[in-house]
Amino acid sequence: MKLMIFSGTTEGHDLCRFLSKNSVQADIFVATEYGAAVMEPMAGITVHEGRLDEQEMEKRLTSDTLLIDATHPYAAAVTDNLRAACAKSGARYERLLRPALPYQNCEIVLDTAAAVDWLNAHPGKVLLTTGSKELEAYTAVQDFQTRLFPRVLPTASVLEKCAALGFPGAHIIAMQGPFSQAMNAALLRETGAKILVTKDTGVSGGFAEKVAAAKEVSAKVLVIARPREEQGRNQAEMQEFLTDLLGLQPEKVQRTFTIIGAGMGTMDTLTGEAVRALETAEAVFATKRLAVLSPKAEVCAFSELAERAIQCTEKHIALLVSGDVGFFSAAGKLRERLLPYGGVTLVPGLSSMQYMCAKCGISYENLCFKSLHGRTGNILGAVSYHTATFALTGGGNNAQAVCSSLMDAGLGALPVHLGENLGAENERIVHGTAAEIAQLSCPDLAVLLIENPRAANKNEPIRDEMLTRGKVPMTKEEVRWVSVNRLTVRPTDTVWDVGAGTGAVTLELARKAGDGTVYAIERKPEAVALLRENRIKLGGYNVKIIEGPAPEALDNLPVPDCVFVGGSGGRMREILALAKKKNPEVRVVVNAIALETLFAAQTALKELGFSDIEITQLAATRGKPVGAYTMLTANNPVFILSGRAANDTK
């Protein structure tokens, strides 16, 4: 049987390594000079460079050929040609898949043309990470020379193409991957890009790192969807299939990879199992900081750990990662990358959370864990609803910045414990208040343990009597509970409450969005004063109060995931239009008492293209004792309208 692989991807490259290791001969076809250059010499593997059309493919195929299509998931035309050539020649066709990754909070378009349309409708600088193949299409973006920063391979032909299309040299980012989250975030910051355009390139294409970097710097992610859902085999399944088909003998001694949690990076904090794993390993790979734990360790960048281990010829290989393999660790990604090449064992280690809690004498049974290192987000929701919160800090969210945010929110008196260089000779643990630690000089990497003895119970519904009302109208609890649940608030959502009044709905929303932020917009000074009082009274510190009229006060707010409108000041359409402009898939709920407000909201939702519009009238009647009797008193009926903006680019 003749074996041919059409490649140019990490998956194809990995399959070639497997075949070479098992003494299987194969012809590998790559389209570009770069694709050939990254293929290291391998016994039995012959590399052919150049693009082939369907007829040229067919000439090379016979009925005795097994063709494995390991091309990029977006190279749909190549896949179609390969399938057609196999059908005509009688060759067997197999597809090697690159698994997609789940993602959310991204804009999704069907193809490059739709991406161009979307970019023309949304201003801002753009980091373009889709390569050079379709770069010409992006010249249709308005002001592309000043807005777009294409990241492309550093080859002469690609750079010539960029220049010929009119991209300025200062905007061309010529780099070879893989790219870490930190590198992607640095490029977004350096270029000032507020939009990152990518394809769904899976694990090997660094998709997760792009999405995480965009979230870190509050940039939008525009994803060009895969052309089609494909049937085939992943790397492990393909290797198993070839082993059976070709009668390969599985290695008697399979390679084993051991990912070791290195605790605090000191010998004292290594577990006994970790010490034994390092002693029996034939090769060890680690970053410079952890390499001191083993005389066998070869130092490499963290992003290179998996590739170095894969290329290693030893049978028992260990990789060191800091802390514990299951606590905000990259061990999971390393495991996924290594699994096609052997068995993978995880060795747990002492986490920084366990170490810090022990040092402070605090139990972690009911602890809330947050990682702010290199990520967006804030600590206010976690601290509001938990008596103790542990946070990994770093980057823009270092310990000093986190404590400053607590102080700005009025939580400067909370007890806070700061840990630096845990386990090392220069370890420092400081006990104080948030206000005191905000004044300290803190290193980039540190941990915080924050206590809040008066934490609110986020699972407790807010009753009317828990709020200070004054003379400001308040949404009653029955209406409030239905409205908030209709909005389907997720824990990490960014929420607008327009016309927040006393904060009754605001604080209910804040408990649902415990890891997000609720922006309470209110124009009346007396209501703002009540909002502040109720925020403190009910402990909803993930609420930010914005004083001013809507929609003007909404212009500079972050993109909302969902919006509640309790008061519009007669500007319902403008408010809903702005919400949809900021997020084409925003979810909205409107409360209306007057028929005129009901009509205005219903009309605006329809005319602005919202879908799944629902209208409910809720009339609640409460009983109260009058002497020996229970009398019923009716509250005003309220209309609850809900809808979801439809994304026209989908």
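The values are calculated or read from the model by the stated rules, or taken from the named source; none is laboratory data. Computed from a predicted model, the values in this text were never measured in an experiment. In this analysis, Cβ positions are derived from the backbone assuming ideal geometry, glycine residues included, and neighbour counts consider all displayed protein chains.
Annotation for region 581-596: no member residue is in contact with a helix residue (DSSP H, G or I) (Cβ under 7 Å, 6 or more places away or on another chain), assigned to a helix (DSSP H, G or I) and touching a residue at least 24 places away in the same chain (Cβ under 8 Å). Out of curiosity, is residue 517 among the β-branched types (Val, Ile, Thr), within 18 Å of residue 458 (Cα to Cα) and in contact (Cβ under 8 Å) with a residue 12 or more places away in the chain? Yes.
The set of residues in region 14-62 being surrounded by fewer than 17 Cβ atoms within 10 Å (Cβ to Cβ), touching a strand residue (DSSP E or B) at 6+ places or on another chain (Cβ under 6 Å) and of a type in the set (Ser, Thr, Tyr) consists of 46 alone.
If you filter region 280-327 down to residues that are of a type in the set (S, T, N, Q) and over 32 Å from the mean Cα position of the chain (by Cα), you find that the one that is nearest to residue 340 (Cα to Cα) is 313. Identify, please: which residue in region 63-78 is out of contact with any helix residue (DSSP H, G or I) (no Cβ under 6 Å at 6 or more places or on another chain) and farther than 17 Å from residue 131 by Cβ and is, among those, surrounded by the most Cβ atoms within 10 Å (Cβ to Cβ)? Here the answer is 68.
For region 63-78, the set of residues classified as in a loop (DSSP other than H, G, I, E, B) and more than 16 Å from residue 28 (Cα to Cα) consists of 63, 64, 73, 74, 75, listed by residue number. Listed by position, the helices (runs of 4 or more DSSP H) enclosed by region 428-545 that each have at least 3 residues that are over 29 Å from residue 394 (Cβ atoms) and charged (D, E, K, R) are 477-486, 525-538. Is it the case that residue 11 is surrounded by 19 or more Cβ atoms within 10 Å (Cβ to Cβ) and within 20 Å of residue 311 (Cα to Cα)? So residue 11 passes the test.
Helices (runs of 4 or more DSSP H) fully within region 291-410 that include at least 3 residues being touching a residue at least 12 places away in the same chain (Cβ under 8 Å) and closer than 28 Å to residue 453 by Cα: 352-360, 380-385, 399-408.
Of all the criteria given as (1) crowded, with 24+ Cβ neighbours inside 10 Å; (2) in contact with a helix residue (DSSP H, G or I) (Cβ under 7 Å, 6 or more places away or on another chain), the one not satisfied by residue 559 is (1). In region 153-184, what count of residues is obtained for those that are farther than 22 Å from residue 9 by Cα and loosely packed, with under 15 Cβ neighbours inside 10 Å? Final tally of qualifying residues: 7. Scanning region 637-650 for residues that are at pLDDT 90 or above and part of a loop (DSSP other than H, G, I, E, B) yields a single hit, 637.
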